[in-house]
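Below is one structure, written out as structure tokens; comments come after it.
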Amino acid sequence: YTKAKNSETVYAFITGEPWEYSVRKEVLLKSVRASDKTEVSMVGQNGKVLEHVPDADLETRWQQQPEGLHISAVRAYRPYNNRKWPNPAVLRITNAQSV
């Protein structure tokens, strides 16, 4: 995670297995607490367009539970022609606090 000292925006870097293009993934963040104003998005994409799949469900969903912040998101950006992205995916979580 990273967060500016006086900011309510947390950036979560999702590491481990590469996040495949067009795949929905569930993530549990135990160190982030959301508020009623929280918005979650994946850095580098708008959450509305998946190349060649006009009806794809790309909405990023989240739910705060006692054990942490549950996030469901799809990686839709394609920076390379082979659709591979070897770097961590980054989630932007606004109006939230790290705990």
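Applying the criterion of being surrounded by 14 or more Cβ atoms within 10 Å (Cβ to Cβ) and touching a Ser or Thr at 6+ places or on another chain (Cβ under 9 Å) to the residues of segment 41-55, the residue that is modelled with the highest pLDDT is 41.
In segment 20-32, of all residues being over 16 Å from residue 93 (Cβ atoms) and over 11 Å from the mean Cα position of the chain (by Cα), the one that is modelled with the lowest pLDDT corresponds to 21. For segment 10-23, the set of residues classified as touching a Ser or Thr at 6+ places or on another chain (Cβ under 9 Å) and surrounded by 14 or more Cβ atoms within 10 Å (Cβ to Cβ) consists of 10, 11, 12, listed by residue number.
Looking across 58, 91, one residue alone is closer than 20 Å to residue 18 by Cα, among the aliphatic types (A, V, I, L, M) and at pLDDT below 90. It is 58.
The values are calculated or read from the model by the stated rules, or taken from the named source; none is laboratory data. Bear in mind the structure is a predicted one, so any value in this text is a computation, not a measurement. Here Cβ is always computed from backbone atoms with ideal geometry, including for glycine, and neighbour counts include all displayed protein chains.
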